[in-house]
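Peer 1: Pasting a structure below so you can have a look.
Every read-out reported here was derived from the displayed coordinates using simple, explicitly stated rules and does not represent laboratory data. Quick caveat, the model's predicted, so the values are computed rather than measured. Virtual Cβ from ideal backbone geometry, glycine too; neighbours counted across all protein chains shown.
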Amino acid sequence: MNQQDNMQTKDYWRGRLSGKMPENVLNFISSLNEDARLVEIDIDVVQAHNLMLYRQNIISKEDAAKIMDGLEKARSAWQSGQLKLANYIDIHPLVESYLMDSYGVEIGGKSHLGKSRNDQVMADVRIYLRNATLETSELLADFCDILLNLAQAHTQTLMPGYTHTQQAQVITLAHYLLSYSGAFQRDMERLEQCYSRINLNPLGACALAGTSLPLDRNYTSELLGFDDVLENSIDAISNRDFAVELAGHLANLMATLSRMANDLILWSSYEFAMVELADELTDISSAMPQKKNPCPLEMLRGKTGTVYGNLMQLLTMLHATPTGYNKDLQETKPPLWQALDTVQASLRVLCQVWNNITIKKERMYQLVCENQITALDLAELLVRSGLAFRQAHFLVGQLVRECSRQGKAAWQNLNVKQVNDTAQTVAGKTLELNQEELSAAINPAQSVASRSVIGGPAEIQTKAALIKQRQKLSEQRQKAEDKRAKLKSTHENLKMSVRDLQINPA
Ligand code: ARG
């Protein structure tokens with residue numbers, strides 16, 4: 001009887017070490033919790049690696065077939081809840097030991113040849129992230145669709161545009177919405193570029209500096225749908241720049257989402273009253289019976305801190321870790337998962353909010369009529385009548401001051417005589433403005449119509465922007481769909497190769 005006869009599969013990893021790790025330490029260093037979402041990906045990765053070992057004549061067909069079979073059994077055990085995430089440091093030895101339990105160490109013990117958990121976990125994470133990145137892009141595309149459809153319906157819905165949270169210029173709701181759908185399309189672009197840096201194959205890098213075995217890194221890339229090999233073996237297992245990049249994009253996106261959420265929180269207040277949120281998407285106060293609180297939007301705003309924190313967590317954890325794999329790097333996963341979950345949940349909530357919102361057009365219109373929001377339009381009219389802009393600015397400032405004193409309706413009732421007289425007093429200029437020109441300049445609808453500069457709120461520009469954005473969005477959607485289709489067919493091919501070996505083991 002030799003030493004191995006008494007060993008459990010679990011003991012094989014600790015040949016170098018005596019004694020058993022205390023449970024609290026095991027739990028402290030384990031990544032099993034965050035590995036839960038990687039189980040099936042890990043199985044795919046081990047299968048692809050072993051298909052390659054077989055093709056390279058490094059393991060026999062028979063062994064490869066058993067390895068495929070054992071791994072499929074592990075998959076079924078996971079799917080049916082029999083494979084429990086416990087007692088192991090991470091998912092990789094857990095899957096390997098399942099294989100060894102099925103086919104013994106003679107077979108199962110071959111599956112880790114030519115790889116390390118260092119390149120393996122990177123392959124798993126990259127596969128997980130490419131899917132999650134695509135999912136986030138698809139959610140963004142759905143959200144953009146909602147915004148663009150609403151924009152289409154509101155090209156003439158006038159509302160105040162703000163700077164410093166003070167009325168600035170008249171805009172339309174469409175113009176506002178297009179400003180966000182444009183930003184979200186840039187987020188999609190960023191995610192797409194980031195995808196190309198995520199979807200690279202680290203397998204073959206092994207623990208740090210490759211292996212003497214004749215591995216075919218291109219073949220595992222092909223089997224797993226990686227766009228290319230991540231060549232330098234140290235780089236492949238050491239670096240987490242792709243994770244920081246993704247978290248950075250997610251934090252950036254969250255900033256935009258939270259700004260929009262904050263607008264809606266303000267706009268749904270009694271004071272603004274420009275929109276009303278659906279009852280189902282608001283919450284009550286336990287004390288004040290009148291309350292209708294925009295809690296989902298506030299949570300989104302609050303969770304922005306979570307995502308920023310995730311980015312900081314990653315950067316801080318990575319800071320000055322020595323080159324090569326260090327266990328610290330295991331801490332890449334939780335903040336990434338949390339950032340992705342938070343952003344995706346936020347996107348879903350905002351889609352629901354906009355899908356169920358009531359736009360209070362009359363109130364928006366009232367707000368653009370009560371104040372002097374068209375002051376710049378009047379100043380520009382005065383410039384066309386011969387004043388220097390600074391003179392016009394000063395003159396209109398005086399008129400605004402006067403109208404503010406007179407009350408809400410004063411600006412819209414501004415009289416041409418008053419304007420001409422002020423020009424005479426303030427600038428010593430005789431203007432020959434007529435009432436019609438003046439009324440047009442200060443009219444909110446005409447103000448919007450006059451701003452037909454590229455990207456302005458005039459309907460003609462809004463319609464052009466809608467066409468452009470829809471076109472761009474459909475291109476972006478197409479790119480995401482192509483990637484999805486490629487990943488799907490690659491995965492089907494992998495399954496087929498696995499099945500082929502299972503069916504023809506010899
Ligand atoms: N659970 C580890 C992680 O997530 C896998 C790699 C472990 N490698 C090692 N040399 N300890 O990073």
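Peer 1: For residue 491 and residue 460, FRET efficiency with R0 = 45 Å and r from the beta-carbon atoms, rounded to 0.05?
Peer 2: So, using R0 = 45 Å, E works out to roughly 0.45.
Peer 1: Just to check I understand the Karplus step: with θ = phi - 60° and J = 6.51 cos²θ - 1.76 cosθ + 1.60, what whole-Hz values come out for the stretch 126-140, glycine and proline as x?
Peer 2: 5, 5, 4, 5, 5, 5, 5, 5, 4, 4, 5, 4, 5, 5, 4
Peer 1: Can you give the Kirkwood hydrodynamic radius for the chain, in Å, rounded to one decimal and based on Cα pairs?
Peer 2: Its Kirkwood hydrodynamic radius stands at 27.2 Å.
Peer 1: How about residue 66: which aspartates and glutamates have a C-alpha closer than 19 Å to its C-alpha, ignoring those fewer than 8 places off in the same chain?
Peer 2: List returned: 40, 42, 44, 96, 101, 106, 500.
Peer 1: Would you compute, from DSSP H runs of 4+ residues alone, the mean residue ellipticity of the chain at 222 nm, taking -39500 (n - 2.57) per run and dividing by the full residue count, rounded to the nearest 500?
Peer 2: Helix contribution divided over all residues of the chain: -21500 deg cm²/dmol.
Peer 1: Under the Kirkwood approximation for Rh and a Cα-based Rg, what ratio Rg/Rh is obtained for the stretch 330-423?
Peer 2: With Rh from the inverse mean 1/r over Cα pairs, Rg/Rh is 1.37.
Peer 1: Explain nothing, just the number: dipole magnitude of the chain about its Cα centre with +1 on each Lys and Arg Cβ and -1 on each Asp and Glu Cβ, in debye rounded to the nearest 20.
Peer 2: 740
Peer 1: Follow-up question, since we're still on this one. So which of 333/472; 61/110; 61/115 end up more than 21 Å apart, counting from Cα to Cα?
Peer 2: Pairs exceeding the cut-off: 333/472.
Peer 1: Can you tell me what percent of all Cα-Cα pairs in the stretch 351-477 are more than 24 Å apart?
Peer 2: Percent of Cα pairs beyond 24 Å in the stretch 351-477: 42.
Peer 1: Oh, and also: Show me the chymotrypsin sites (Phe, Trp or Tyr not before Pro) within the stretch 192-283 that DSSP assigns to loop and that have at most 10 other Cβ atoms within 10 Å of their Cβ.
Peer 2: Taking the stretch 192-283 and a limit of 10 other Cβ atoms within 10 Å, the loop chymotrypsin sites (Phe, Trp or Tyr not before Pro) found are 270.
Peer 1: Distances over 12 Å make up what percent of all Cα-Cα pairs in the stretch 162-210?
Peer 2: 76
Peer 1: For the stretch 10-155, what Kirkwood radius comes out of the mean inverse Cα-Cα distance, in Å?
Peer 2: This gives a value of 17.4 Å.
Peer 1: With an 8 Å cut-off on Cα pairs and a minimum separation of 6 or more residues, tell me the relative contact order of the chain in percent.
Peer 2: 18
Peer 1: Stretched out fully, how many nm does the piece from residue 383 to residue 467 gain, at 0.36 nm a residue minus the Cα gap?
Peer 2: Gain on extension, residue 383 to residue 467, equals 26.9 nm.
Peer 1: For a quick check: with amide H placed at 1.01 Å from N, whose amide H comes under 5 Å from residue 59's, ignoring anything fewer than 5 positions away on the same chain?
Peer 2: When sequence neighbours closer than 5 places are left aside, the close amide H contacts are 54.
Peer 1: Among DSSP bridges having both ends in the stretch 128-230, what percentage is antiparallel? Round to the nearest 5.
Peer 2: In the stretch 128-230, approximately 75 percent of DSSP beta bridges are antiparallel ones.
Peer 1: Could you work out how far apart the two model spin labels at residue 212 and residue 193 are, taking each label as a point 7 Å from the Cα in the direction of the beta carbon, and quote it in nm?
Peer 2: A separation of 4.4 nm, rounded to one decimal place.
Peer 1: Loop only by DSSP, 16 or fewer other Cβ within 10 Å of the Cβ. Give me the GluC sites (Glu not before Pro) in the stretch 398-506 that pass, ordered by residue number.
Peer 2: Listed in order of number, the matching sites are 432.
Peer 1: Would you work out the Kirkwood radius for the stretch 294-346? I mean one over the mean of 1/r across all pairs of different Cα atoms, in Å.
Peer 2: Mean inverse Cα-Cα distance, inverted, gives 12.1 Å.
Peer 1: Could you list which residues have their amide H under 5 Å from that of residue 283, counting only those 5 or more apart in sequence or on another chain, with H placed in the peptide plane?
Peer 2: For residue 283, the qualifying residues are 293, 295.
Peer 1: Hey, another quick one. If you filter the stretch 33-102 for trypsin sites (Lys or Arg not before Pro), then keep DSSP loop positions with at most 14 other Cβ within 10 Å, what is left?
Peer 2: Of the trypsin sites (Lys or Arg not before Pro), the ones in loops of the stretch 33-102 whose Cβ has at most 14 other Cβ atoms within 10 Å are 84.
Peer 1: State to the nearest 20 debye the size of the charge dipole of the stretch 440-493 about its Cα centre, where the only charges are +1 on K and R beta carbons and -1 on D and E beta carbons.
Peer 2: Rounded to the nearest 20 debye, it is 160 debye.
Peer 1: Let me ask another. Calculate, in whole percent, how much of the Cα-Cα pair population of the stretch 264-423 lies beyond 26 Å.
Peer 2: The calculated P(r) of the stretch 264-423 puts 59 percent of pairs beyond 26 Å.
Peer 1: Using only the alpha carbons of the stretch 441-489, what is the convex hull's orientation-averaged projected area in square nanometres?
Peer 2: 3.8
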